[in-house]
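The structure appears below as structure tokens.
Quick note: the coordinates plus some simple rules give every number you see, no bench work behind them. All of these numbers come straight from a predicted model, not from anything done at the bench. All Cβ positions, glycine included, derive from the backbone under ideal geometry; neighbour counts span all protein chains shown.
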Amino acid sequence: YAMGLSLQPAMSTDKHEAYRRFMQNENKVMRFRAHLLDLVTGDRIASPREFVINYFMEDDTISVFEPELRNSGISGGLFLTRMRYKKYIDTQRNSAGAGARPPSASGRPRS
């Protein structure tokens, strides 16, 4: 990894440290807007679908919400419920290679 940085978060087994982190980040949410991309070209799809990704810092959970667009034929709402999801980076799609994990010896991604 570049400059010794890792994609894995720093994990602490100390319960007091986990509680301190929880209280320090209580009610802090990072919110992102996203749209769909074509897997082959990487260009934005003409579909009007947009998503709001919420990352809850207190417990490292994610939820994805799709705002409702009138007359689009797509009913908005909760796309992914709030929970922890596994991190996975597809090394074949990542053309720049920045932050990608190398595949294991068997050629399959590590879990």
Item to complete: Quick one: dipole size for the stretch 7-89, taken about the Cα centre, charges +1 on Lys/Arg Cβ and -1 on Asp/Glu Cβ, in debye to the nearest 20.
Response: 60
Discussion item. Assuming 0.36 nm per residue, please report the length gained on full extension of the stretch TYR85 to PHE32 beyond their Cα-Cα distance.
Written reply: 17.4 nm
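Let me check I've understood the local charge: for GLU66, count other residues with C-beta under 9 angstrom from its C-beta, Lys and Arg +1, Asp and Glu -1. What total comes out? Could the numbers behind the result be given before it?
On the way: positive: ARG49; negative: GLU50, GLU68.
Every neighbour counted, the sum reads -1.
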Discussion item. With θ taken as phi - 60° and the coefficients 6.51, -1.76 and 1.60, list the Karplus ³J(HN,Hα) couplings across the stretch 23-36 in order, rounded to whole Hz; mark glycine and proline as x.
Written reply: 5, 5, 9, 4, 6, 9, 10, 9, 10, 10, 9, 9, 9, 7
Item to complete: List every residue whose amide H lies under 5 Å from the amide H of PHE79, counting only residues 5 or more places away in sequence or on a different chain, with H placed 1.01 Å from N in the peptide plane.
Response: VAL64, PHE65, GLU66
